[in-house]
Amino acid sequence: AVGVVYGDIGTSPLYTLKEVFSGGYGVPVTHDGVLGILALIFWSLIWVVSIKYMMFVLRADNQGEGGIMALTALARRAAAGHAKLRTLLVVCGLIGAALFYGDSMITPAISVLSAIEGLGLAFEGIDHWVVPLSLIVLVALFLIQRHGTARIGILFGPIMVTWFVVLGALGVYGILQHPEVLQAMNPVWGVRFFVVHPGMGVAILGAVVLALTGAEALYADMGHFGRKPIARAWFILVLPALVLNYFGQGALLLGDPEAARNPFYLLAPSWALIPLVGLSTLA
């Protein structure tokens, strides 16, 4: 389950804070700005994944199967005898499937690009190789995928477990430098961010939601693994690793606002950059 379900959301730390602070949103890399964004990310992971998906969505299975089409079938069955309502539910299901396809196109590209971009910090003058290398990796990964979920899980399970352990370790390393970053667990910082930046606050949710990309895989892949393995992997390994890493990156930004250009890789010691790029590409 770790190898298949969490590859998407597990690579979100590669680019989420980078897009928030160095993208076109204009978020200042200040103490309050960093804590506000971290609070939004932390509570999004809690509310959307830990509560909505784990407590509700994963229980809405269709004979053990999940995904938008399974949910549509359940909804149509419940609306038996109401033709117009059933038609509306099918349309909603098709819109949901379209969004799923859109995410399936965007996320692999941004994940692999963000992983390969780490080479630019390790080697000077190779930025023009980022796109060609990303294309090679994507083609190779899609060629592997055709062998089926079981083989993918066996192959990538140990890789993803290693990845999440590394995420957590990097996060702890960063937090130890600036422990005050843990204040961001207080949701007041998120509310304060919206109060201070009323116009920007709504737009910035478009970047914060990058931390949740791949959450739909929990439900879509439920038929392969079942609800309990997915939930256990989330609470025991994935959620702690993600939270630690985001807070570690936030701690780095508190000490060095210039690190906003790539906080994930700049969080790591220089000697670890090359292995980290390789691991992030596989993840």
Additional length obtainable on full extension of the chain from LEU94 to VAL172, 0.36 nm per residue less Cα span: 23.9 nm
As I understand it, the value is the acute angle between the Cα axis of helix 83-116 and the longest principal axis of the Cα atoms of the chain; what does it come to in degrees, rounded to 10? 30 degrees
For a distance above 26 Å, tell me the whole-number percent of Cα pairs in the range 80-192 that qualify. 53 percent
How much accessible area per residue does the chain have, counting only protein heavy atoms and a probe of 1.4 Å, in square angstrom? 48 Å²
Distance from the range 1-80 to the range 108-168 (C-alpha centre basis), Å: 21 Å
What is the distance, in nm, between label points placed 7 Å from the Cα along the Cα-to-Cβ direction at MET55 and at THR87? 3.8 nm
Would you list, by chain and number, the lysines whose Cα falls below 22 Å from the Cα of LYS228, excluding same-chain residues fewer than 8 positions away? LYS52
Share of carbon and sulfur in the accessible heavy-atom surface of the range 137-258 [1.4 Å probe, %]: 70 percent
Cα-only radius of gyration and Dmax that characterise the range 1-86, units Å: 18.7, 57
Mean-square fluctuation check for the chain, GNM, Cα pairs under 10 Å: which of GLY81, GLY171, GLY33 is largest? GLY81
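Report in % the part of the accessible area of the range 46-105 that belongs to carbon and sulfur, leaving out ligands and nucleic acids; probe 1.4 Å.
That fraction is 71 percent.
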Taking Cα atoms, how many degrees apart are the long axis of helix 273-282 and the longest axis of the chain, rounded to 10 and kept between 0 and 90? 10 degrees
Rounded to the nearest 10 degrees, the helix 68-78 long axis (Cα) sits at an angle to the longest Cα principal axis of the chain of 40 degrees
State, to one decimal in nm², a quarter of the convex hull surface area for the C-alpha atoms of the chain, i.e. the direction-averaged projected area. 15.8 nm²
For the full complex of protein chains and a 1.4 angstrom probe, list TRP129, TRP234, TRP271 by accessible area with the highest value first. TRP271, TRP129, TRP234
Size of the range 242-283 along its principal axes in angstrom, Cα-based, largest extent first? 29, 21, 15
Cα-based Rg (one decimal) and Dmax (whole number) for the range 111-250, in Å? 18.3, 51
Between the range 87-104 and the range 206-238, the Cα center-to-center distance that results, in Å: 19 Å
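The values are calculated or read from the model by the stated rules, or taken from the named source; none is laboratory data. Everything quoted here is computed from the prediction, not taken from an experiment. Neighbour counts are summed over all protein chains in view; Cβ atoms, including those assigned to glycine, are modelled from backbone coordinates with ideal geometry. The accessibility values were calculated without ligands, DNA or RNA, using every heavy atom of the protein model including side chains. Shrake-Rupley method; radii C 1.70, N 1.55, O 1.52, S 1.80 Å.
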